[in-house]
Amino acid sequence: MGRGKIEIKRIENSTNRQVTYSKRRGGILKKAKEITVLCDAQVSLVIFSSTGKMSEYCSPSTELVKILDRYHKSAGKKLWDAKHEHLSNELERIKKENDSMHIKLRHLKGEDITSLHPKELIPIEEALQNGLACVRSKQMEYLKMLKKNERCLEEENKRLSYILQHQQQLAMDVNVREMDHGYHQREREYHPQMPFAFRVQPIQPNLHENR
């Protein structure tokens, strides 16, 4: 017995609606993958649920942006509003300016100038001269700063040398005073010893001479 025909209308029960959405979303994504492989088609699929959750699929051989661009050209429908169109034009303008800057930079390096007219070389020469003048000015400022720092270091070295010599002189003076004080202290503590006492022995007469 076959399945009954389902009436296509909004499912009121939120639980049943979510279950049906999950099943059918999986089926659509599966079919998109199958047609991509079987038919070598480029497919891009974007689905938003009632809760705002997004599901997407894009064929591995392409990108969503490329699909939208092809749709824009094939259908002739304008997908982007005026704001996006302005941003696109602004981006294109910046790209052109960037390319122009790269060309000028190569000319300033002396590259690709053989095809230039002599009049076109004049502003390049002036730009190089101005750049050289700025570089030299910057170098002079740097040299002045180095000389100033050198003078400051010399003055600091002199100041430290003076302080060191002064400290050494103070230390020498303290040592001399300590040595002098110690000498006088030892001189006061010294007591002279008593002289030795001598006893005079009487001279004994020589008996042999009296005989």
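The criterion of being modelled with pLDDT under 85, open to solvent by 90 Å² or more (accessible area, probe 1.4 Å) and aliphatic (A, V, I, L, M) does not hold for Leu79.
Of Thr20, Thr15, which residue is surrounded by fewer than 11 Cβ atoms within 10 Å (Cβ to Cβ), over 30 Å from Arg70 (Cα atoms) and of a type outside the set (D, E, K, R)? First the steps, then the outcome.
Working: Thr20 fails: surrounded by fewer than 11 Cβ atoms within 10 Å (Cβ to Cβ).
Going through Thr20, Thr15 in turn, the sole match is Thr15.
With respect to (1) of a type in the set (S, T, N, Q); (2) not in a helix (DSSP H, G or I); (3) not assigned by the TED database to the domain that holds Asp40, the lone exception for Ser88 is condition (2). All of (1) in a strand (DSSP E or B); (2) of a type outside the set (Asp, Glu); (3) out of contact with any helix residue (DSSP H, G or I) (no Cβ under 8 Å at 6 or more places or on another chain) hold for Thr20 with one exception: (1).
Which ones in the range 23-59 are open to solvent by 90 Å² or more (accessible area, probe 1.4 Å), in contact with a helix residue (DSSP H, G or I) (Cβ under 9 Å, 6 or more places away or on another chain) and at pLDDT 90 or above? Within the range 23-59, just Glu56 meets the criteria.
For the condition open to solvent by less than 70 Å² (accessible area, probe 1.4 Å) and under 30 Å from Ala41 (Cα atoms), Leu64 qualifies.
The values are calculated or read from the model by the stated rules, or taken from the named source; none is laboratory data. Just so it is clear, the model here is predicted, and its values are computed rather than measured. We place every Cβ from the backbone using ideal geometry, glycine too, and count neighbours over all the protein chains shown. Note: accessible area is taken over every heavy atom of the protein model, side chains too, but ligands, DNA and RNA are not part of it. Shrake-Rupley method; radii C 1.70, N 1.55, O 1.52, S 1.80 Å.
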